[in-house]
1. Kindly establish whether residue B:261 is among the hydrophobic types (A, V, I, L, M, F, W, C), more than 8 Å from every other protein chain (Cβ to nearest Cβ), in a helix (DSSP H, G or I) and more than 19 Å from residue B:319 (Cβ to Cβ).
2. Taking residue B:83 as the residue in question, decide whether it is under 30 Å from residue A:214 (Cβ atoms) and either part of a helix (DSSP H, G or I) or hydroxyl-bearing (Ser, Thr, Tyr) (or both).
3. For the structure I just gave you, tell me whether residue B:68 is without any contact (Cβ under 8 Å) to a residue 60 or more places away in the chain, aliphatic (A, V, I, L, M) and open to solvent by 40 Å² or more (accessible area, probe 1.4 Å).
4. Restricting attention to segment B:38-60, report how many residues are under 29 Å from residue A:3 (Cβ atoms) and either of a type in the set (Asp, Glu) or facing chain A (nearest Cβ under 7 Å) (or both).
5. Where residues in segment A:32-62 are facing chain B (nearest Cβ under 9 Å) and farther than 16 Å from residue B:76 by Cβ, which of them is modelled with the lowest pLDDT?
6. Got a number for residues in segment B:234-245 being at pLDDT below 80 and facing chain A (nearest Cβ under 8 Å)?
7. Based on what the data block shows, is residue B:90 surrounded by fewer than 22 Cβ atoms within 10 Å (Cβ to Cβ), within 29 Å of residue B:208 (Cα to Cα) and more than 14 Å from every other protein chain (Cβ to nearest Cβ)?
8. Within segment A:126-136, identify whether any single residue is at pLDDT 85 or above, in contact with a Lys or Arg (Cβ under 8 Å, 6 or more places away or on another chain) and more than 14 Å from every other protein chain (Cβ to nearest Cβ), and answer yes or no.
Amino acid sequence: MSPRTGATAVLLVGVLLVRLVVSGDYLRYVRGGMAPWLVASGVLLAVLGAAGLVGALRRPAPSPAHDHHAHDHHAHDHHAHDHDLDHGHDHGGERVGWLLLAPVVVLLLVAPPALGSFGVGRTAGVTVRSGTLFRPLAAGATPVALTLAEFGQRAGDRGGASFAGAQVELTGFVAQPRDGSGVRLARYQIACCAADAVADVARLVGLPGAPPARDTWLTVVGTFRGVGPDGVPELAVAGSRAVPAPVDPYET
Amino acid sequence: MATDVPPRPSPSRPTDGPAGGSASGPEWGLVAVLGLLVVAALARPALADLLATPAIANWATVFVAIAVQALPFLALGVTVSGAIAAFVPPSVLARALPRRVALAVPVAALAGAALPGCECGSIPIARRLISRGVPASAALTFLLAAPAINPVVLVSTAVAFPGRPMMVAARFGGALVAAVAVGLIWAATGDDRLLARAARPEPAGGGRLAVFAGTARGDLLSAGGFLVIGAASAATLQTAVPRSAVDAFAGTPVLAVLALAVLAVLLSICSEADAFVAASLRQFPPVAQVVFLVVGPMVDLKLVALQAGTFGRRFALRFAPLSLACAVAGGTLAGWWLV
C-alpha cells in the first residue's frame, strides 16, 4: 500500500466509526456504552489518516528507482530479503491493510441487520438461572416491564415465587412461531459486541390469532406460568401487540 | 470461508498484481479504492439479497461486530506504540527491566496489569517493545498477560460471576502462570530470529509527530488487516458451528476442559466480554470455565491472525500452540486449586 492509499484507508475507517455512532447503527453490533470510544477512536483515526494524506500529497511521489531504499513504504513486491526468516517479505504487513477496507465497504453499502432468530437455538442450551434472590413484584394496575433475562432469572429463583402473580410485560422477537404449546420469544444479551451474544428465551402460551412470523417484534403482557420440560420459562399471555424493533435490539 | 464472503469481493484479493505495477505511478492505490467503492455500489442489490439469507446476515453481523468492537482498542494500542516510537528514547525500556530473564519475565507479566484494554491493543505494543530492545521473552509475556489480568477485565469477570470471587482469582492466577511459563520457555528454547520482522526499527526521519503518526498508521494498517481476517474466520465458525455443539462434552471433566479451550479459540471474543459468555456456559464445570477465560485472551483466531501479521507466520505457528498448551495447563491448575 502506498502512503497515500494507506492514509486514505485509515481516514475512511475513522469516518466510518463516527458515522456508525451518528446513524445509531452501531447499536446493532456493539453495546451502547461503546459510543464514546467509537467516536474518540474514529476522530483519532480520521485525523491520523488526513494528516498522512496531506503529508503524502505534499511530498513528491517517490520515483521507482528509489523504491528499495530502506524505510520506503511504497508497496513493492520484488525484493525478497535473505535475512527475513519469514517467508513473505517486508511489506506483507502493509499489503494486508487493504483488508481493512472490507468492513468499510460492507457497512457503507448494506448495514447488516441486528442478530435475529437464526442464532437463538445455536447459543448454549437453555437453563433458567438460580442463585439470585429477587424481591416479590408489586402487583399493581400496570404490568411490570422486565427484560427477558430477568424473566428467566426470576423463573429460576424459588420456582418463580417472586413473580407473586403480578402481570409482566416482555419485549422480544419471535424465534420460533411454533414451539410446543406456544410461540418462542427471544432477545439477545450482549456484554461487548454481537459476537458474544447470548439469547434469553420465553415461551408465550395462549397468544391469540395465527402464530406471528419469525423475527416479528412483540410486546406481550401476561403472568408467569411455570418452566416447561425443556427448561424454557413460560408466560400465559393476556395481551400482545406487534412493535417496531427497538433502537437497541439487545439487552445489556 | 471464501464462499461465505461475497459482500467483500475486491479486498479478498489483495495479493494479486497491482502492487507489482506500482512503479507506473503513485495514484493507482487511490484509483483502486475508488474503483472498489464503485464496483461495490453497483453490486449493492445483490448484496442486499444475500443479507436476506439468515445465515449470511448472521455472518455479516458478527464479522462487522468483531471488527467494530476491536477498532477502538486497536486504536489505543497503535497510539501507545506510536508514542513509544516517537517519545521514548531507545534502550530506556530495556534498561527499566531487570537484567536477568528469570526476573524480567514476571515483571513484564505484572506490567501487563497496567494496560486497560483487550488483546488487540497489546500486539502492536509488544512489537514496539521488541523493536526497542526489550527481550522477546519479556515482551511476549506482556503480550499474553496484559489482556487477561488488567483491572477492566477482572472487574468484568467479577460482574459476570456475582458472589464467586474465586473465579476472578483463578483467572488472574491461571493467566499469570501461563504467561510467565510461555516467556520462560521462549527464553530457553525460542528462536528470536523468527521475530526479525518485529525487531526492525521504525522508520527514522521527520519530526517526532511524524514518527508518531507514521508508526501508528503503519501498525493500524497491518494489525487491522489481520484483524479483518480473524473476524471473518471467527464469524464463519460462529455461523457454521452452533455453540451448543460443545454441550455433549460438558459431563466429562477432561473433555469439558478441552471443549471450552477449543471454543475459546474459535469464538474469538474480546477479553472484556468473554466472562459473560463463560458464565452462560452453566452446564460446564467451573474448571472448564476458568480454562475458557485463560485461553481466550491468549490464543484465538483473530489473535493468531494478528500475531502472524505482526511477527510473521512461522513465529505464530510456534507461538500459538505453546501459548495454548500453557494456557490450558495454567487454567486447569488454577481452576482445580481455587474453585
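The values are calculated or read from the model by the stated rules, or taken from the named source; none is laboratory data. All values derive from a computational prediction rather than experimental measurement. When we count neighbours, we look across all protein chains shown, and the Cβ atoms used for this are built from the backbone with ideal geometry, even at glycine. Please note that ligands, DNA and RNA were not included when accessible areas were found on the heavy atoms of the full protein model with its side chains. Shrake-Rupley method; radii C 1.70, N 1.55, O 1.52, S 1.80 Å.
1. Numbers: among the hydrophobic types (A, V, I, L, M, F, W, C): yes; more than 8 Å from every other protein chain (Cβ to nearest Cβ): yes; in a helix (DSSP H, G or I): yes; more than 19 Å from residue B:319 (Cβ to Cβ): no.
Considered against the rule, which asks whether it is among the hydrophobic types (A, V, I, L, M, F, W, C), more than 8 Å from every other protein chain (Cβ to nearest Cβ), in a helix (DSSP H, G or I) and more than 19 Å from residue B:319 (Cβ to Cβ), residue B:261 comes out as no.
2. Spelling it out, it is not the case that residue B:83 is under 30 Å from residue A:214 (Cβ atoms) and either part of a helix (DSSP H, G or I) or hydroxyl-bearing (Ser, Thr, Tyr) (or both).
3. On the way: without any contact (Cβ under 8 Å) to a residue 60 or more places away in the chain: yes; aliphatic (A, V, I, L, M): yes; open to solvent by 40 Å² or more (accessible area, probe 1.4 Å): no.
So residue B:68 does not fit the description; no.
4. Total meeting the criteria: 2.
5. A:62
6. In the first step, residues of segment B:234-245 are kept if they are at pLDDT below 80; the result is B:241-245.
After this cut, where a residue has to be facing chain A (nearest Cβ under 8 Å) as well, the list is B:242-244.
So the answer is 3.
7. On the way: surrounded by fewer than 22 Cβ atoms within 10 Å (Cβ to Cβ): yes; within 29 Å of residue B:208 (Cα to Cα): yes; more than 14 Å from every other protein chain (Cβ to nearest Cβ): yes.
Yes.
8. Scanning segment A:126-136 turns up no residue that is at pLDDT 85 or above, in contact with a Lys or Arg (Cβ under 8 Å, 6 or more places away or on another chain) and more than 14 Å from every other protein chain (Cβ to nearest Cβ).
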